[in-house]
Amino acid sequence: MSGVPEALRARFVERCRNDLAALESSPSQTELRALAHGLAGAGGTFGHPEISAAAAAIEDVLLAGRAPTDAETQALRDALEQAVRPGR
C-alpha cells in the first residue's frame, strides 16, 4: 500500500465499515452488485486483494443472474472485517 496517502487509506477503511454494515442489512441484488463492483476495483488499490477477489466473485454471480451463496457473501464479509481491524 505504499504510495497511497494515509488520508485515502483511512477513507477506504471507513468505506469498508459502511459496506460491511450494508452487507449486514440484507441489501437488494442491485445494491449488492453496486457494492461488489466498487469493491472489486478498489480493494487491490488499497492493498486488499482478498476484498477484490471476493467482491468480483459476487459481482460475477449476480451478472449471471444468480444469487451469491452464503459462503461467497461470507468471504466478502471476512475480507472487509480484516480490513477494518485495528493495526491492519
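Here, each number is a calculation from the coordinates, and none is a lab measurement. Bear in mind the structure is a predicted one, so any value in this text is a computation, not a measurement. As a convention, Cβ positions derive from the backbone with ideal geometry for all residues, glycine included, and neighbour counts pool all protein chains shown.
A few notes on this one:
- Filter pass, Pro49 being under 29 Å from Arg66 (Cα atoms), free of Cβ contacts under 8 Å to residues at least 12 places away in the same chain and surrounded by fewer than 17 Cβ atoms within 10 Å (Cβ to Cβ): yes
- Of the residues making up segment 4-30, those that are loosely packed, with under 10 Cβ neighbours inside 10 Å and on the phi < 0 side of the Ramachandran plot number 7.
- Residues that are touching an Asp or Glu at 6+ places or on another chain (Cβ under 9 Å) and free of Cβ contacts under 8 Å to residues at least 12 places away in the same chain within segment 52-77 comprise just one, Val61.
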